[in-house]
1. Yes or no: the range 62-78 includes at least one residue that is within 26 Å of Arg13 (Cα to Cα), out of contact with any His (no Cβ under 7 Å at 6 or more places or on another chain), touching a residue at least 40 places away in the same chain (Cβ under 8 Å) and outside any helix (DSSP H, G or I).
2. Taking the range 25-42 as the region of interest, how many residues are over 17 Å from Ser72 (Cα atoms) and either surrounded by 10 or more Cβ atoms within 10 Å (Cβ to Cβ) or aromatic (Phe, Trp, Tyr) (or both)?
3. Tell me which of these Val86 doesn't satisfy, since it passes every other one: (1) of a type in the set (Val, Ile, Thr); (2) in a loop (DSSP other than H, G, I, E, B); (3) touching a Cys at 6+ places or on another chain (Cβ under 9 Å).
4. Going by what's in this entry, would Arg13 be described as in a loop (DSSP other than H, G, I, E, B) and either of a type in the set (Lys, Arg) or open to solvent by 50 Å² or more (accessible area, probe 1.4 Å) (or both)?
5. Only one of Phe6, Phe57, Phe46 is surrounded by 12 or more Cβ atoms within 10 Å (Cβ to Cβ) and touching a residue at least 60 places away in the same chain (Cβ under 8 Å); which?
6. Is it true that Ala66 is surrounded by fewer than 17 Cβ atoms within 10 Å (Cβ to Cβ), in contact with a Lys or Arg (Cβ under 6 Å, 6 or more places away or on another chain) and at pLDDT 90 or above?
Amino acid sequence: MAGLYFHIPFCKRICSYCDFFREADLSGMAPALSAMHQEMEEQREFLHDRDIRTIYFGGGTPSLVAPADVQSLIDRAHRLWNCNGVEEITLEANPDDISAENVAQLRTTD
């Protein structure tokens, strides 16, 4: 079983308990997402013979990423690898960052 993990290392503030790499300066978000797209393209052969079963967005605070940008990463993965058998897409969220509108947008994407 293969899975994809997208580390979104951006947070509104740094929590003392977190040991993950993270950054409170959100200005690097767009370049980081662009780099993730580029990395997927460069690594397309790595998983060419595997079926992707899970896609996980962790961090940091992935709920800071616009739903359209999350969908763009998922769409790229579908173009590059066999994601037809994806059983789960998970996005870590800070409750302060999620609204009913965000959830509705995320639910309509797959």
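The values are calculated or read from the model by the stated rules, or taken from the named source; none is laboratory data. Note that the coordinates shown come from a computational prediction; the quantities given were computed from them, not determined experimentally. Positions of Cβ are generated from backbone atoms using ideal geometry, with glycine treated the same way; all protein chains shown enter the neighbour counts. Side chains are part of the model used for accessible areas, which takes the heavy atoms of the whole protein and leaves out ligands, DNA and RNA. Shrake-Rupley method; radii C 1.70, N 1.55, O 1.52, S 1.80 Å.
1. yes
2. 2
3. (3)
4. yes
5. Residue meeting the stated conditions: Phe6.
6. When the stated conditions are applied, Ala66 does not pass them.
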